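Accompanying notes for the structure given below.
Each reported figure results from applying straightforward, stated rules to the coordinates on display, with no laboratory input. Quantities reported herein were computed from a predicted structural model and do not represent experimental measurements. Methodologically, a virtual Cβ is constructed for each residue, glycine included, from the backbone with ideal geometry; neighbour enumeration extends over all protein chains shown.
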Number of protein chains: 2
Amino acid sequence: MRKEEDFNEWYIDAVEKAGLSDKRYPVKGMNVWTAYGWKIMRLIDEFIRRELDATGHDEVCFPLLIPETEFKKEKDHIKGFDSEVYWVTHAGLNELDVRLVLRPTSETAMYPMFALWVRSHQDLPLKVYQIVNTFRYETKQTRAFMRVREIHFFESHTCHETEEDAQRQIEEDVEILDRIAARLCLPYSLLKRTDWDKFPGAHYTVGIDTVMPNGRTLQIGSVHHYRTNFSVPYGISYESEGGEHVPVHQTTYGMSERLLGAVIGVHADDAGLVLPPDIAPFQIVVIPIFSKDNAARVGEAAKALAGSLSAAGFRVKLDDRDVRPGSKFFDWEIKGVPLRLELGGRDLDGGVVTFARRDDGSKGTIGLADAPSGARLLLDSISASMLEKAKAAQASRIADAPGGEVPDDRVARIGWCGCEECGRRFEEERDLKILGTPFRPERFEGACAVCGKPANAAYAARTM
Amino acid sequence: MRKEEDFNEWYIDAVEKAGLSDKRYPVKGMNVWTAYGWKIMRLIDEFIRRELDATGHDEVCFPLLIPETEFKKEKDHIKGFDSEVYWVTHAGLNELDVRLVLRPTSETAMYPMFALWVRSHQDLPLKVYQIVNTFRYETKQTRAFMRVREIHFFESHTCHETEEDAQRQIEEDVEILDRIAARLCLPYSLLKRTDWDKFPGAHYTVGIDTVMPNGRTLQIGSVHHYRTNFSVPYGISYESEGGEHVPVHQTTYGMSERLLGAVIGVHADDAGLVLPPDIAPFQIVVIPIFSKDNAARVGEAAKALAGSLSAAGFRVKLDDRDVRPGSKFFDWEIKGVPLRLELGGRDLDGGVVTFARRDDGSKGTIGLADAPSGARLLLDSISASMLEKAKAAQASRIADAPGGEVPDDRVARIGWCGCEECGRRFEEERDLKILGTPFRPERFEGACAVCGKPANAAYAARTM
């Protein structure tokens, strides 16, 4: 299956061959995380945890089930989710008095509790997050990690005294994103969604998009400013010095297993996965190259090499199966291991070990005695060059198309006056989606692709 | 609230004061894990992960929702769970064709997939686990961590060629248990449950019980041998050398957040939690004791001390709030921090730091220069003595009562001939539960408490 020819088919095949998930589970769109895929996801989760802990967020865990009565308190929110939630109506042999929703996101689970937790300005900012699974009854075609019905994700929720404090939180979220994306070697763009596409109940939404090789965008996460849209109906307020109850300003931030989908889509190739070193379950595979007369010596040395690399903190696999080297290479390429170290008699004699990089296929040798520092340099170089290459590829897939004539496999930067009428007409006529306007203002000179009036930049694309 | 006087009320109070969970969530029996409680649980999870990974189990994550059709394949299983599962009947605006169950445990989610994964003896043993939440519609009174409707737990599932291989897995599970229980300073007993109390569908069940101070037992986990009871209806078989399809033998093993409930019940006291060092979010709290003229010097030294302890790998909290020391002591006692280090001017002059142990209240000093090694010794001693004390307490709550006359606040070792009729009669007449017979055979000389015939030992108790 060739990535260039049919991205969608290639993607399904890459996921399956690498053993990341099993889609034969008997509920459509709910896949089994098999061991290798789950390990990668857990490494991603660890980085998210580390970032959120370091920025003063507390990890919590809220119940999955939300009473219908709480779920319906914010009107736009329920309208936005009405057609895509799962309902628990019975328990044991009883019909429930109040139906329960499986969380599609946790605003309506958390905010009744926030109303109890926030009393005075001393309780602010309140910053919590959780890493859980969420449920959406998708009607579009499902695809592993990219569009599923049980979604692994993190969500952070914050409460602040003022709108400006909340705005600063969004800036912090963007910084966190940048560090996480760098570890995943993922380029992204930040676009303020159109009013008709923002999160149900939000004041505004910033979408985090990555461009896939077929030119379609994948939304990997989002950041929302809620102002007081939820705090008013849920009664989350603090007492000001004058004794008034002031509703808090809120933000949320979330990214899902689509991060993994994006990594596969951006980096994998026709031979299989290409994993960024920071999230590879095995960063290095050590393969002894036996010949008849040196098996014991090479075997010992390979074991010692793997041991010293593990001791240095790398995640290492020693593949000493009784199988031809070529077929081992093949297996670990499918799995996307960033660095392969081959050790044969000649390497040993020369005091070196042969390496092969998964990202660009280049080969060479490093000193056997200081293999850990050689491996460190190589892995750092792999990370850096994967990110650079991906950024260049993403840039090449974005085209300036001021009049709105967008090539099939490109994201277009168009002119848009900003009015809903022009935006919706553009989307309908071209069968494209306006992703939004740049979160960081961009210089732009041009006219609205619809009405011809003065315009700012907006991005339009087909989505995954 | 005194532990001795009213264990149940005291327990609720201890959980609430320490801020482990919030039970005001608007679905009964589903509590919010607040930050401190969730940190402890995640530390427990990490030990479980480490043990299961080290014994060759793969971590996976299966979907939450199980189709009714799969759920009903093993007859005893569905009968056992019929009255306590949650049903999803609607999604979006549609009624589902096949209703979905929220996992009460994952046999029926996993086994259709195991049937696809196991082909030959080379696929065996298959050993997987997951750490997820599970759902039971409890009708009894709920209590934080001990009896809730959304339960955080781990479950491992294994498939083997023979019954003996499966039996060896159970021995391994028991060894894992012993290491985890030691970290949590928890005594336990292993009892083979009666036939009418075993897990629905199991060949046999070994319950893992801990005795609470009120003499009632809390089941913190269980290990099951399924023989081929599930593999036959689910079609999990391997091809023997002769080409026959042989059903696998299966086991499962699970422990839940009751581990945390047991730690609280066994170790906490009237002043609050007493956490085993291995699972304490903060193992050490450093409190500077300021006086007017030494604030800067003491503050600096306390900071340096906390820094050196953190650098040595301890989880440390520096409490330099502008609050009286006595009220800091009080706060951290409620939270159960194992070791308090107080640093004042006189300590500094003497080159020491004053310690106070949370477990027994004893105080003394350690050298400031080698505080990390002093702290290590103290924390190890706290762990060891908490486990010893708890073991002694558990032993004192088990009484030999061959005739079945069981004191209210004790677990009784009785004689039981083993027949169901005697067992059920005993349970009814005494309003007690027969927990089971010792997993490791015990010497016993006595007669059945009901029929007077020759008997083996069995344990009977009231349960939490």
Shape verdict for region A:7-267, please, from the Cα gyration tensor: rounded (a/c under 1.5), prolate (a/b greater than b/c) or oblate. oblate
May I ask you to list the trypsin sites (Lys or Arg not before Pro) in region A:1-70 that are in a DSSP loop and have at most 13 other Cβ atoms within 10 Å of their Cβ? A:2, A:24, A:28
Between copies, how far apart are the residue B:139 label points? List them in nm, one decimal, shortest first, with each point 7 Å from Cα toward Cβ, please? 3.9
With the crude spin-label approximation of a point 7 Å out along Cα→Cβ, what separation in nm comes out for residue A:6 versus residue A:196? 3.4
Taking a label point 7 Å from the Cα of residue B:393 along the Cα→Cβ vector, which residues of region B:196-233 have an amide N closer than 12 Å to it? B:211-215
Rounded, prolate or oblate: which fits region B:5-145, taking a ≥ b ≥ c as square roots of the Cα gyration tensor eigenvalues, rounded meaning a/c under 1.5, else prolate when a/b beats b/c? oblate
Rounded to 10°, Cα long-axis angle of helix B:420-430 versus longest principal axis of chain B: 40
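From Cα pairs below 8 angstrom and at least 6 apart in sequence, can you work out the relative contact order of chain B, rounded to a whole percent?
Working: 925 pairs, mean separation 64.4, N = 464.
Once divided by the residue count of chain B, the mean separation gives 14 percent.
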If I fit a long axis through the Cα atoms of helix A:107-117 and take the longest principal axis of the Cα atoms of chain A, what angle between them do I get, 0 to 90°, rounded to 10? 70
If you keep only loop residues by DSSP, which trypsin sites (Lys or Arg not before Pro) in region B:374-464 have at most 11 other Cβ atoms within 10 Å of their Cβ? B:443
Mind listing the label-point distances from residue A:330 to the same position on all other copies, shortest first, one decimal in nm, points 7 Å along Cα→Cβ? 7.2
With each label point set 7 Å from Cα along the Cα-Cβ vector, what nm distance links residue A:445 and residue A:373? 5.3
Set of lysines with alpha-carbon distance to residue B:363 below 27 Å, sequence-local pairs under 8 removed: B:3, B:17, B:292, B:303, B:317, B:328, B:335, B:389, B:391
Pairwise FRET efficiency - residue A:291 versus residue A:409, Cβ, R0 = 35 Å, nearest 0.05: 0.15
Compute the acute angle (0 to 90°) between the alpha-carbon long axis of helix A:258-267 and the principal axis of greatest extent of the alpha-carbon atoms of chain A; round to the nearest 10°. 40
With n ≥ 4 as the cut-off for DSSP H runs, can you work out [θ] at 222 nm for chain A, using -39500 (n - 2.57) per run divided by the number of residues, rounded to the nearest 500? -11000 deg cm²/dmol
If you find the alpha carbon centre of region A:219-255 and of region A:335-382, how far apart are they in angstrom? 51
Give the nm distances, rounded to one decimal, from residue B:393 to the matching residue in every other copy, measuring between label points 7 Å along Cα toward the beta carbon; shortest first. 5.9
Hey, got a sec? Which chymotrypsin sites (Phe, Trp or Tyr not before Pro) in region B:94-142 land in a DSSP loop and have at most 16 other Cβ atoms within 10 Å? none
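DSSP beta bridges in region A:277-394, what fraction antiparallel, as a percent rounded to 5? Each step should come with its number before you reach the end.
On the way: 9 of 18 bridges.
Here the share of antiparallel DSSP bridges comes out near 50 percent.
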Once you order the gyration tensor axes a ≥ b ≥ c over the Cα atoms, which shape class does the protein assembly as shown get: rounded for a/c under 1.5, otherwise prolate or oblate by comparing a/b with b/c? rounded
